[in-house]
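A.B. asks: Input: one structure, supplied below.
The values are calculated or read from the model by the stated rules, or taken from the named source; none is laboratory data. Predicted model, so just to flag it, every value in this text is computed and none were measured. A quick note on method: Cβ atoms are made from the backbone with ideal geometry, for glycine too, and the neighbour counts reach across all protein chains shown. With ligands, DNA and RNA removed, areas are computed over all heavy atoms of the protein, side chains included. Shrake-Rupley method; radii C 1.70, N 1.55, O 1.52, S 1.80 Å.
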Amino acid sequence: MSDPWESLQTTALLGTDRRPLPAPGPAAPYDGAVDRTDPATALLELAALETVRRRAGALPAPAAAPADRPAGEDPRPEPPTAAARRLSLLLSTRGGGSGVLANVGELLPQWLSTARERGFRAPAASVPALLDAARTRSELRPDAVALAGPLGRWLAERNADWRFVQRAAPEPPPAQDTVPAEGDQLWHEGLFAERVTHLTVLRRRDPAAGLALLGGTWSTERAEDRLLFLDALQEGLSLDDEPFLEAALGDRSKNVRATAAELLSTLPGSALATRMAERARAAVRLSTHGTHLLVTPPTACDPAMQRDGIPPKSPTGRGERAWWFGEVIAAAPLSLWSGYTGLTPGQLLALRVGDAIDETSSTWADDLREAWARAAVRQQDAAWARALLGPAPVPGPGRPARATGASAKLLAVLPPAERAVWTAAFIEAHGLGDAFQLLGACATPWTPPLSTAVVEALARAAASGAYPWSHSGVLGMTERALSPESAAAVEELAAGAAPATAWGETFARLAGTLRFREAMLAELAA
């Protein structure tokens, strides 16, 4: 006897004009009361009746077996009671803020990172809600998984919605400097995300063991997987990895070849860096009198250059010679330039740049500077980054803002305190209009001097008649990053602003959020 539900499904898929309704039968005596005048309506009524019949006739499932083991012990303390209540509030907050607070849910990452830094574990009662939040917000996952600890992993084994917890590598105890024995099995049998995480953690502890593990399966990995595995080699990267990366320059995937070349270019002592240095010296030389730099860009992209990661065609449509020139300079060791000219980065940047054929032309000046900037970021060279950024800006007429995405990347190379000083000076000179990316490169919470510069710039913006939403990006950042000690200054701005105005409400919300953060951090420090 056919299943009535399957017959109804088939009829719904094919249509009542191509397949008649199932005939009434003893298995479904109730359908004799259905009016079959309109087949489409009758089909829906039969489906509803069959659904009720199936549910009413379902037998109870066997009781689940008790857990075979409890969750592992977590020796870390729970946070103080007030901090635990604050976490519950943050986890229960949805959507935007209230009239006196900004979006409090955006402060959850700060609570989690601070609690993790202080060695707490998440309160047991909050772990399910914490894992739910991390399921929908991937940026929370590293801290959420770490705070949930063994209990979070135990729960994730029993709830498929939290499977991301099992893909994250557990944090080892401080004294543990070896990888668990089951790691080898995870590498060969785990999901791709689990394998990447395992390789990354292993490289942090034992770079040679991580390289050996990757080398053992490299030839059998898919091209897209090889690419991400290469990224993991950035952990603990050294000249010991050079033979493997040199071999990867011959990989059949161009993306893998390009990534291997970029990693090798960050190792000044590598053979690739040496080859790039030779090409760079041929492309840029100091004039006889040492007054300017003369540029001779490559005239072709030969097979050796292509093997070293330089594509023959620019992906952005840039001129070929300019593209090849920029790629060579960006991959050459920055120590090369001072080594053979005897000049500091600042002195080199001050020189005029001319074409080797037409010394009066400055065609290549921007290309050279942009390539040096990429090299400074790639090689994390603070001296070159400092020289390329220039001194901290000073206020004055006719001084245009110079902040770009490249400026923010260079700023990120500098020590945190220096970043804050440079950005504060930029804001004092140019305001907040072009400071968003620079502020994003600064460590949070911002230092008191940087926070003061931001608050004073907001005050100037309000006095100038600008609308708050013209600075919405920076305002959103200030709620999370401004030093809580700035609350009193912001409260003064709120009190001085006209009531029920856009700036008055903005300052009041910002002040309330700063007080909220101040209390939140104090609770975690208790």
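A.B. asks: Criterion first (open to solvent by 50 Å² or more (accessible area, probe 1.4 Å) and over 17 Å from W446 (Cβ atoms)) does A500 satisfy it?
C.D. replies: Yes, satisfied.
A.B. asks: Specify the residue that is surrounded by the most Cβ atoms within 10 Å (Cβ to Cβ); the eligible residues are those in region 117-140 that are within 18 Å of A156 (Cβ to Cβ) and among the basic types (K, R).
C.D. replies: Among residues in region 117-140 that are within 18 Å of A156 (Cβ to Cβ) and among the basic types (K, R), the one surrounded by the most Cβ atoms within 10 Å (Cβ to Cβ) is R121.
A.B. asks: Ok, one more. Out of everything in region 461-482 that is more than 23 Å from A519 (Cα to Cα) and not hydrophobic (A, V, I, L, M, F, W, C), what residue ends up being surrounded by the most Cβ atoms within 10 Å (Cβ to Cβ)?
C.D. replies: Going through the qualifying residues, I end up with H471.
A.B. asks: Is there a residue in region 408-428 that is among the aromatic types (F, W, Y) and crowded, with 17+ Cβ neighbours inside 10 Å?
C.D. replies: yes
A.B. asks: For G317, only one of the following conditions fails: (1) surrounded by 12 or more Cβ atoms within 10 Å (Cβ to Cβ); (2) more than 25 Å from Y340 (Cβ to Cβ). What is its number?
C.D. replies: (1)
A.B. asks: Checking A260 against (1) at pLDDT 90 or above; (2) open to solvent by 30 Å² or more (accessible area, probe 1.4 Å), only one condition comes out false. Which one?
C.D. replies: Evaluating A260 over (1) at pLDDT 90 or above; (2) open to solvent by 30 Å² or more (accessible area, probe 1.4 Å) leaves (2) as the failure.
A.B. asks: Same structure again: Residues in region 331-340: is at least one modelled with pLDDT under 90 and in a helix (DSSP H, G or I)?
C.D. replies: The answer is yes, given that some residue of region 331-340 is modelled with pLDDT under 90 and in a helix (DSSP H, G or I).
A.B. asks: Also, I was wondering about something else. Condition test on Q347, is it open to solvent by 30 Å² or more (accessible area, probe 1.4 Å), touching a residue at least 60 places away in the same chain (Cβ under 8 Å), out of contact with any strand residue (DSSP E or B) (no Cβ under 8 Å at 6 or more places or on another chain) and closer than 30 Å to A441 by Cα?
C.D. replies: The answer is no for Q347.
A.B. asks: Return the residues of region 483-493 that are under 18 Å from G504 (Cα atoms) and open to solvent by less than 20 Å² (accessible area, probe 1.4 Å); say none if nothing qualifies.
C.D. replies: S486, A487, V490
A.B. asks: To continue, here is another question. Assuming A382 fulfils every condition listed in (1) closer than 30 Å to A453 by Cα; (2) surrounded by 15 or more Cβ atoms within 10 Å (Cβ to Cβ); (3) at pLDDT 95 or above apart from one, which condition is it?
C.D. replies: (2)
A.B. asks: Something else: Sort out which residues of region 140-164 are within 12 Å of F120 (Cα to Cα) and of a type in the set (A, V, I, L, M), and write them in order of number.
C.D. replies: Selection gives A144, A146, L147, A148.
A.B. asks: Restricting region 474-526 to residues that are assigned to a loop (DSSP other than H, G, I, E, B) and within 23 Å of L438 (Cβ to Cβ), which is farthest from the chain's Cα centre (by Cα)?
C.D. replies: S483
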